[in-house]
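Participant: Before we start, here is the structure in question, set down as structure tokens.
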């Protein structure tokens, strides 16, 4: 049960977190990935995606100013697999984004306090877990069951007590008022939760949480999934008492049991629950029955490809929620003989798949001879005549094609329609060309970027922030490595970089700042190389071509980082070519390199050292070229990509959200903050590593 905050407790600023651009971006990623149908205004996911940056910013401003009003729901009837009709109420796309943002924030706060008896619509919980719990109770001697169902639950939840309870447990009146707007738009009589809305499952669990606790205190065991439940008891008499108690508790909530779907039964007789048949100790899946309520009920209205298209795995952001399509897709080729994927992910601190919601989902296709095509609106990966993978376009944010990999005209056009950049990379992981969607028509934002770049004082101010972050993160990265290796050279370099950082305060121009950065970096590279183990060496940075294995890996990782940031910059409607530190030039994505600086140490250089020191990269992954450069083998490139994706799925602290997120979630935050700096809404605060 959720404790109500005391009066002298400071109310949590949950509403502000809902309105944060990073939260809205994560919510949009989730809505887009679900590929749901239009709401009452008729706007599709694709139409919203075409101007997503503008729409999300407008939504943020409307929420903060109090002018936000939800649009109409669209009523749809969907036939259940088990027979009968499910009535869905589909919100407009923009309202689904707002509701998903609220659900993300509220889930982080409320879900840890929900009772263990509840299994539906909760992160880390599932039908399978509920089924195992019931089976375990039988083995413990609980052989009688109240097999129950709440009559038309979603249509009968009363709004006033629900909203009163929500405000009491969150201490946030504005957030409760926002939820009230959505409920009022659904029902004029103050009853019901719209099935099809991202916020409804969470509100359902909140409303029943007190019931879950009360039943659990009476010596019986409740297992509930949404409005379906069983109460597992030791005797028939205890089951009769539990049934009476449940009916009374629901009546206090304005609800009632369904008389035709509620009964007392023993395991000897058998019963069905959540698509499974329980008979004595036997548990089997029931054929033709609906196994699980939809986490997103509007998934049944998907505008995506048909059922034979299997979405590539992705991990959902608490303000959180994240592995990309890339990390688990089979498009690269056969797995190498290296460490198992789970070992690599664990050693790099990756969270379990599903911990974070997807921010970017890259599709990597690197195996020679393969091609990307289109079937039933989905991207497919083809090897000869065999289809290896099919991914709906709403689940892909960028595509990378290795040497001698093809892509059809239809796939290119689909990528442009969904604003998905397509990058061609060489054997060094470097981009040799890119097919990109047209820039968003954001004259206000682009002019603001230009004004910042053309104003000497503004340009130096932001460039100084970027350089200081780059130098500081270099120093902290070395200190972290020193902690493990105790390298004297790295200690001295960290001290020298600290001095260089202090000197940037007096810099008068961008060229002087670049000089300080260059001087600090000259100390950094040999110190970084000194932290390598197992005989690997790097004395200086070399790029075209990289002269050693470590440089080759750092370059490859930096290239992937650049392409991730490029995709996020396009999503935020920034102009990638207008920059302050790296300058604004033709054929030069200066804004990408500006934003890369604070992430290079943890996501390129530090990660490269970790891949070598943890033996995920080995000598057989590299070979020398005639031009003196070093190149990765196919297996080596695969290890680098998997290592990068695993690192980006590890947790990192967001100072803005005051919560953990994935690295891609943090990158999205920083891109949004960079845009707000340009518009004069806030001063840019870079990501700074903690020691």
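Derivation of every value follows stated rules applied to the coordinates shown; laboratory data play no part. None of these values were measured; they are calculated from a predicted model. All Cβ positions, even for glycine, are placed from backbone atoms using ideal geometry, and neighbour counts span all protein chains on display.
Participant: Can you pull the semi-axes for segment 430-517, root of five times each eigenvalue of the Cα gyration tensor, sorted largest first, whole Å?
Facilitator: 33, 20, 10
Participant: Now for a separate question. For every helix of n ≥ 4 consecutive DSSP H residues, a contribution of -39,500 (n - 2.57) applies; sum these over the chain, divide by its total residues, and give [θ] at 222 nm rounded to the nearest 500 deg cm²/dmol.
Facilitator: Counting only the DSSP helices, I get -14000 deg cm²/dmol.
Participant: Report the label-to-label distance for residue 690 and residue 438 in nanometres (one decimal), using points 7 Å from each Cα along the Cα→Cβ vector.
Facilitator: 4.6
Participant: Sort 190-196, 551-557 for me by packing, meaning the mean count of neighbouring Cβ atoms within 10 Å per residue, highest on top.
Facilitator: 551-557, 190-196
Participant: Continuing with this model, one more query. For segment 57-119, take the convex hull of the Cα atoms, compute a quarter of its surface area, and give me that in nm², please.
Facilitator: 6.6
Participant: Ranked from highest to lowest mean number of other Cβ atoms within 10 Å per residue, what is the order of the peptides 527-533, 650-656, 201-207?
Facilitator: Ranking the peptides 527-533, 650-656, 201-207 by packing returns 201-207, 527-533, 650-656.
Participant: Something else: Quick one: plug the Kirkwood hydrodynamic radius of segment 400-463 (C-alpha pairs) into Stokes-Einstein at 25 °C, 0.890 mPa s, and report D in µm²/s.
Facilitator: The estimated diffusion coefficient comes to 169 µm²/s.
Participant: Taking just the alpha carbons, could you work out the radius of gyration and Dmax for segment 94-189, both in angstroms?
Facilitator: So, for segment 94-189, Rg and Dmax equal 16.9, 50 Å respectively.
Participant: Can you pull the Kirkwood radius for segment 443-678, inverse mean 1/r over Cα pairs, to one decimal in Å?
Facilitator: Hydrodynamic radius (Kirkwood, Cα pairs) of segment 443-678 is 18.6 Å.
Participant: Using a Förster distance of 51 angstrom, determine the FRET efficiency expected from the C-beta separation of residue 404 and residue 47, and round it to 0.05.
Facilitator: The computed FRET efficiency comes out at 0.90.
Participant: Moving on to the next point. Sort 426-433, 175-182 by the packing proxy (mean of other Cβ within 10 Å over each peptide's residues), most packed first.
Facilitator: For the peptides 426-433, 175-182, the packing ranking is 175-182, 426-433.
Participant: Cα convex hull of segment 161-223: how many Å³ per residue?
Facilitator: 97
Participant: Rg (Å, one decimal) plus Dmax (Å, integer) for the alpha carbons of segment 567-628?
Facilitator: 16.6, 42
Participant: Separate question: Taking a temperature of 25 °C and a viscosity of 0.890 mPa s, what whole-number D in µm²/s does Stokes-Einstein yield for segment 9-113 with Rh from Kirkwood over alpha carbon pairs?
Facilitator: Using the Kirkwood radius from Cα pairs, D works out to 165 µm²/s.
Participant: Quick one: if you stick a label point 7 Å off each Cα along the C-beta vector at residue 240 and residue 280, how many nm between them?
Facilitator: For residue 240 paired with residue 280, the spin-label model returns 2.7 nm.
Participant: So what's the convex hull volume per residue for the Cα atoms of the chain, in Å³?
Facilitator: 179
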